[in-house]
Amino acid sequence: MISYDDNCCIVFKVWKGSVQLKALIYALPALVLCFAIRKLNDVMDFSKVTGIDQVTHSFLWNAQTAVIVILLGFRTKQALGRFWEGTGLLHQMRGEWFDAASCLVSFSRDARLHKGKHEEVQEFRQTLIRLMSLMHGTALDEISGDDADAYEVLDIRGLDSELIKFLRDCKRYGFNRVEALQHMIQVLVTHNHAIGVLNIPPPILSRIYQTLSRGLVNLLNAKKIKHTVFPFPYAQLIMSLLLLHSIFTPVMMSQVVESPVVAGILSFIPLFGMYGVNLVAIELEMPFGMDDNDLPLSTFQKEMNETLLMLMHEMTDHLPQTSSDCRTSFEDLSVFMDGNKVASKGLQRSDSKTYMEDDFWNRTPPVPMKDRFTPIVEETFASKETMVKVVNEAKATPMPPSVQKELPMQQPPATSVAVKVQDSEPPNGVSLSKKVAPATDSTQPPKAGIGSQSREQAAASSSSSCQQSVTASNDKKEEDFRQMIVVGAHLGELRHSVMSIKSSADVLSDAISDYRQSMSTSTTAALRTFDSISMQLEDEKLMPKVFHGVPNADSTSCLIALPAV
């Protein structure tokens with residue numbers, strides 16, 4: 001069978017497997033005949049003498065052409081169907097026989113590993129692959145039908161001499177060698193099942209006999225194509241009409257076209273195409289053999305031998321299992337359905353060709369986006385003292401212009417909420433506590449038991465404190481949020497990356513989410529301020545979106561929706 005690239009250069013490959021030269025030989029006489037008729041008309045008025053001049057615009061030529069086209073189309077369709085059926089049957093035959101061999105080898109694994117029958121299993125497997133290889137090669141010999149054809153077999157001399165002598169005498173007795181080999185394989189399987197090499201229940205083992213039988217049926221169907229040729233009457237009629245057309249077409253063209261050269265070319269082209277289609281059908285009708293356009297039987301035998309050798313490899317009895325780092329949950333396995341999500345989760349790329357790469361075992365998995373920012377958070381908030389130090393430095397650090405420009409300009413509400421830092425050390429170096437508690441309202445009267453301080457001193461101190469914070473916000477919640485924004489911006493400047501800023505905002509987002517869940521709905525103004533700041537942070541990509549179940553709303557309206565008071 002010829003392998004080729006389907007492009008314009010294929011026109012010039014006219015030697016191996018091409019029918020163009022044969023079609024050229026069949027159509028070339030029509031060109032010469034048409035040219036000769038035109039020249040004779042110029043010399044002696046040949047058309048009037050012979051009566052050819054009356055053959056102009058003949059419906060007979062049109063009818064003859066239509067009949068030939070229909071017959072050629074029918075033959076081409078039948079030929080292509082036989083070709084595809086032939087290659088399908090050979091693949092099915094090889095697949096059935098290999099499936100039987102593979103099942104038999106796997107059935108014998110238990111006897112080899114657990115029952116101490118290593119020598120019996122080895123003898124069974126060695127005999128089986130030789131018989132399978134010989135049976136497949138013998139089947140291809142019968143399909144090809146050429147005594148000169150021979151196909152490689154796995155160590156045929158490794159079989160016993162009595163079997164070889166019996167196969168040599170099959171022709172003398174009129175036996176079919178493929179059927180004899182299949183019978184020998186069934187005898188081998190039955191014997192090893194009886195001695196315990198194939199420790200499989202009989203209903204399961206019977207499927208092996210069925211698989212071997214289906215392979216033989218596919219062989220017989222392939223031999224049907226080999227022994228049944230295209231019907232002789234059709235082939236004879238098509239060739240007769242083509243020969244008549246080779247005479248009638250030049251006569252017709254010589255009376256229609258004045259130029260001898262143009263008339264000859266117009267006679268040559270249709271006949272060249274008709275003969276070419278007929279020759280292609282002849283090539284495809286018989287797909288088995290050693291011709292250039294026949295199926296590659298040697299390749300089929302080579303592939304069968306390679307698959308049988310695979311059954312003798314030391315890894316044949318290997319029991320597949322999962323590795324220590326396999327993913328078992330549904331969520332983790334669903335990530336591998338999208339290659340873009342694999343890298344973001346810190347997993348190795350997983351496709352049908354990854355394991356073939358040289359650095360498959362030495363490749364370092366990518367670092368997840370969340371883990372890229374974890375060392376910075378742990379280093380920054382290693383303890384409560386470190387966190388307090390960073391917050392104090394952030395207070396003294398001027399706010400970035402981009403953040404300062406986006407802060408709300410309206411006055412904050414009276415009620416405030418503060419984020420309280422617990423006195424205990426954070427576990428495992430994580431220092432940012434997300435517990436939220438309402439701050440003490442400055443308008444409430446001081447509690448009893450203050451000590452030696454009098455009411456007048458407390459009032460004076462409170463008045464002084466209020467005067468110092470005239471220009472600042474009386475809402476401690478806004479101050480805490482401003483500190484969080486400054487810390488986030490400060491960390492973003494250290495990372496110099498938008499991705500790191502987004503990661504650092506995850507910690508802030510968790511604290512804000514807990515704050516929303518625990519905050520009382522009694523203060524509408526506090527909620528409005530929080531939602532406004534959250535929406536502005538999202539525009540700067542410092543905090544992911546927080547959605548609420550608001551019906552008939554888009555992502556923006558969800559962020560500004562307020563719960564009922």
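Some points to look at:
- The residue list 186, 137, 203 was ranked by how far each Cα lies along the charge dipole of segment 134-216 toward its positive end, using unit charges on Cβ atoms, and 203 comes out on top.
- Per the Cα gyration tensor, segment 1-315 maps to an equivalent ellipsoid with semi-axes of 60, 17, 15 Å, ordered largest to smallest.
- Likely footprinting exposure, 330, 288, fewest C-beta neighbours within 10 Å first: 330, 288
- Panel order for 190, 65, 138, by other beta carbons found within 10 Å of each beta carbon, from fewest to most: 190, 65, 138.
- Sorted by Cβ neighbour density within 10 Å, fewest at the top, the residues 96, 314, 142: 314, 142, 96
- Filter on 22/223; 13/77; 171/226; 22/224 - keep pairs with C-alpha separation over 22 Å: 22/223; 13/77; 22/224
Each value in this text was obtained by applying a stated rule to the coordinates, not by laboratory testing. What you see is a predicted model; the values in this text were computed from it and never measured. Counting neighbours? That spans all protein chains shown, and the Cβs are built from the backbone with ideal geometry, glycine included.
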